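Visitor: Have a look at this one.
The values are calculated or read from the model by the stated rules, or taken from the named source; none is laboratory data. Bear in mind that the values here come from a model prediction, so they are computed numbers and not experimental data. Counting neighbours? That spans all protein chains shown, and the Cβs are built from the backbone with ideal geometry, glycine included.
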């Protein structure tokens, strides 16, 4: 359970951050499920991405949650911008 708790917190933080990003930037919002999914993926992968990029594992729960929120928000924003400019909405 101790190894799953950080991952669970990262997933929750990423999902919340993804939905906050979608709420703040209405033009690029992916809808509730899209924002949640993008945030979940970004938050869940944040620990692996940081470890691969820096070689440093975050052992502080607060830092892990903050990083997951940032990655979740960033991925939601990136996917929303790509969707907005690649797939032109009707009207």
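Visitor: Just the residues that are at pLDDT below 90, farther than 13 Å from residue 13 by Cβ and part of a helix (DSSP H, G or I), please, taken from the range 59-85.
Guide: 84, 85
Visitor: Scan (1) in a helix (DSSP H, G or I); (2) loosely packed, with under 15 Cβ neighbours inside 10 Å; (3) in contact with a helix residue (DSSP H, G or I) (Cβ under 8 Å, 6 or more places away or on another chain) for the single condition residue 56 breaks and write down its number.
Guide: Answer for residue 56: the failing condition is (1).
Visitor: Further question on the same structure: Every residue in the range 1-15 that is surrounded by fewer than 20 Cβ atoms within 10 Å (Cβ to Cβ) and either at pLDDT 95 or above or in contact with a helix residue (DSSP H, G or I) (Cβ under 6 Å, 6 or more places away or on another chain) (or both), please.
Guide: Step one: of the range 1-15, the residues surrounded by fewer than 20 Cβ atoms within 10 Å (Cβ to Cβ) are 1-9, 12.
Those that are surrounded by fewer than 20 Cβ atoms within 10 Å (Cβ to Cβ) and either at pLDDT 95 or above or in contact with a helix residue (DSSP H, G or I) (Cβ under 6 Å, 6 or more places away or on another chain) (or both): 6, 9, 12.
Visitor: Within the range 20-53, take every residue that is crowded, with 18+ Cβ neighbours inside 10 Å and over 9 Å from the mean Cα position of the chain (by Cα) and give me the one that is nearest to residue 72 (Cα to Cα).
Guide: If we take residues in the range 20-53 being crowded, with 18+ Cβ neighbours inside 10 Å and over 9 Å from the mean Cα position of the chain (by Cα), then 21 is nearest to residue 72 (Cα to Cα).
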